[in-house]
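The values are calculated or read from the model by the stated rules, or taken from the named source; none is laboratory data. It should be emphasised that the depicted structure is a prediction, and the values quoted were computed from it without experimental measurement. Ideal geometry is used to build each Cβ from the backbone, glycine not excepted, and the neighbour counts take in all protein chains shown.
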Amino acid sequence: MQPASEAPVLLWFRNDLRLADHAALNAAAATGRPVVPVFVLDDSSAGAWAPGEASCWWLHHSLAALAQQLRAQGSQLVLRRGRADAEIERLVEETGAAGVFAGTAVEPSARAAHERLATSLGARELGFRCVHTTTLFDPDALRTHAGGAFSVYSPFCRAASAAGGPAPPAAAERIRAATVRPPSDRLDDWKLLPADPGRLRGLQETWTPGEAAARARLDAFIAEKLSHYMVRRDRLGADGTSMLSPHLHFGEISAAQVWHATLSADPGRDSDKFLRELLWREFSMHLLWHHADLPQDPLRHGFAGMRWRRDPAGLTAWQEGRTGVPIVDAGMRQLRAIGWMHNRARMIAGSFLVKHLLISWQLGEAWFWDRLVDADLANNSASWQWVAGCGADPAPYFRIFNPVLQSKKHDPDGTYIRRWVPELTELDDDSIHAPWEVPATALRRAGVELGQSYPHPIVDLSESRLRALDAYAAMSRGAA
């Protein structure tokens with residue numbers, strides 16, 4: 001046991017795997033005490049929402065990068081696996097810690113661990129301080145005039161604007177390394193990486209997890225893409241988005257850092273549009289904070305009576321990117337290849353599953369959760385509910401994306417389709433969006449044989465649209 005004056009404090013990392021603009025780290029450093037950094041992999045308490053395959057890959061590399069940063073400061077990242085609050089309590093005992101500092105988490109399982117730990121440490125008169133490290137604002141800061149939670153995005157944005165925006169990012173404080181070195185798991189022993197190194201080759205070729213890479217991606221976006229964001233953000237083949245979402249999810253860069261860097265670079269229409277995307281992320285976290293059942297239950301309770309179709313073959317075709325609808329297949333194949341999908345493609349693919357196939361949004365949500373490197377419980381849940389029409393701020397249920405029109409509008413020259421559905425490469429720019437409408441002679445010239453080299457559509461788009469309208473109307477009448 002250390003002398004009371006030299007007892008360390010624990011710094012509990014969660015989805016905030018960085019050193020810069022880290023309010024919990026800075027608060028721990030401000031005590032003047034030695035700091036023991038720790039990360040707990042609590043994959044049992046999360047249940048169905050334990051990290052998926054792609055998230056595990058990212059987490060491994062992000063933790064490795066953070067550990068290296070801490071070693072450069074003479075410190076050590078302690079890794080533990082188990083129920084988070086129990087492991088933190090165990091570390092308090094092992095180190096004689098005087099308190100615990102952590103970022104506020106919005107996920108229900110993490111909040112439950114937070115509450116148990118706060119009760120336990122409070123009973124022992126030990127401090128447990130939580131500050132927001134993953135959101136732009138404290139989760140309870142933005143409220144309606146009546147004091148409740150927001151359920152519509154636009155008023156939420158206005159409230160965020162009235163709050164004056166997020167505080168400027170704080171510089172990284174250097175923490176005092178603790179002399180006590182509690183036992184730590186080996187990262188490799190967690191087996192977060194697949195046994196076959198080539199299984200996630202596309203992720204390895206596309207992404208570099210870690211704080212330094214996050215900052216480099218932000219700088220590149222601001223320098224090369226921000227000034228064209230309004231025009232190019234929805235162009236599927238244009239590489240016009242920031243691709244910061246996994247870095248933000250794992251907290252390798254803070255939302256405030258992104259916000260203020262964007263405003264400083266270009267306080268205009270392009271930056272305004274991009275900042276509204278950051279606020280959609282914040283709104284999703286607001287929803288999960290106030291609705292713990294968001295991942296499984298529709299916010300609009302009448303949708304609980306929606307009669308979804310059981311269609312295992314259709315679900316598998318959608319997951320594998322062989323629906324016969326090129327823009328949908330391109331998005332789903334991009335997801336399988338690099339663990340990420342363009343946001344416009346997410347909306348198109350999600351709408352196709354829920355509306356044209358009439359398959360439950362929860363099944364799409366679960367697939368994305370396993371496959372996305374940016375699998376974020378708040379964003380994933382809120383966005384799937386939006387697509388299904390049962391969440392906050394939804395589009396009317398009768399607004400159904402026509403994937404062919406979406407394809408022609410957002411991938412007019414077929415660049416995106418050709419990249420991810422190469423068997424259609426030789427079709428011309430007009431034909432590539434709906435090959436089933438192309439004359440047989442033109443298909444043969446392009447080397448395409450429907451049903452062989454590329455599938456027929458698994459549904460008729462017009463008929464399945466009418467089927468969805470009937471199903472949603474019946475649900476609406478039943479809920480009335």
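Here is a list: A67, A86. Which entry is among the hydrophobic types (A, V, I, L, M, F, W, C) and without any contact (Cβ under 8 Å) to a residue 24 or more places away in the chain?
Result of the check over A67, A86: A86.
Out of S75, S45, S5, I need the residue that is at pLDDT below 95, among the polar types (S, T, N, Q) and closer than 22 Å to E173 by Cα. Which one?
S5
Within the stretch 1-57, which residues are assigned to a loop (DSSP other than H, G, I, E, B) and of a type in the set (D, E)?
D16, D21, D42, D43, listed by residue number.
Counting just the residues of the stretch 247-284 that are without any contact (Cβ under 8 Å) to a residue 60 or more places away in the chain and within 17 Å of N15 (Cβ to Cβ), which one comes out surrounded by the fewest Cβ atoms within 10 Å (Cβ to Cβ)?
This residue is V258.
Taking the condition out of contact with any strand residue (DSSP E or B) (no Cβ under 6 Å at 6 or more places or on another chain), outside the structural domain of R111 (by TED's automatic domain parsing) and of a type in the set (D, E), does D185 pass?
So D185 does not fit the description; no.
Looking at the stretch 20-65, which of its residues are surrounded by 23 or more Cβ atoms within 10 Å (Cβ to Cβ) and among the hydroxyl-bearing types (S, T, Y)?
Of everything in the stretch 20-65, those that are surrounded by 23 or more Cβ atoms within 10 Å (Cβ to Cβ) and among the hydroxyl-bearing types (S, T, Y) turn out to be S55, S62.
Taking the stretch 319-350 only, how many residues are part of a helix (DSSP H, G or I) and closer than 20 Å to K408 by Cα?
17
Which condition from (1) in contact with a Ser or Thr (Cβ under 6 Å, 6 or more places away or on another chain); (2) over 21 Å from K355 (Cβ atoms) is the one that L427 breaks?
That leaves (1) as the condition not met.
Acidic (D, E), touching a Gly at 6+ places or on another chain (Cβ under 8 Å) and not assigned by TED's automatic domain parsing to the domain that holds I458: which single residue out of E252, E277, E282 fits that description?
Answer to the selection: E252.
Looking at the stretch 196-210, can you tell me whether even one residue there is surrounded by 19 or more Cβ atoms within 10 Å (Cβ to Cβ), out of contact with any helix residue (DSSP H, G or I) (no Cβ under 6 Å at 6 or more places or on another chain) and either at pLDDT 95 or above or part of a loop (DSSP other than H, G, I, E, B) (or both)?
Yes, that holds for at least one residue.
Out of the residues in the stretch 355-408 that are over 18 Å from F283 (Cβ atoms) and in contact with an Asp or Glu (Cβ under 8 Å, 6 or more places away or on another chain), which is surrounded by the fewest Cβ atoms within 10 Å (Cβ to Cβ)?
Ranking the qualifying residues of the stretch 355-408, first place goes to D370.
Suppose we filter the stretch 285-304 for residues that are out of contact with any Phe, Trp or Tyr (no Cβ under 9 Å at 6 or more places or on another chain), assigned to a helix (DSSP H, G or I) and modelled with pLDDT of 95 or more; how many remain?
3
From A160, A171, which residue is of a type outside the set (S, T, N, Q) and surrounded by 11 or more Cβ atoms within 10 Å (Cβ to Cβ)?
A160
Determine whether A304 is within 30 Å of L142 (Cβ to Cβ), in contact (Cβ under 8 Å) with a residue 24 or more places away in the chain and surrounded by fewer than 21 Cβ atoms within 10 Å (Cβ to Cβ).
no
Is at least one residue of the stretch 389-396 small (G, A, S), on the phi < 0 side of the Ramachandran plot and within 15 Å of the chain's Cα centre (by Cα)?
no
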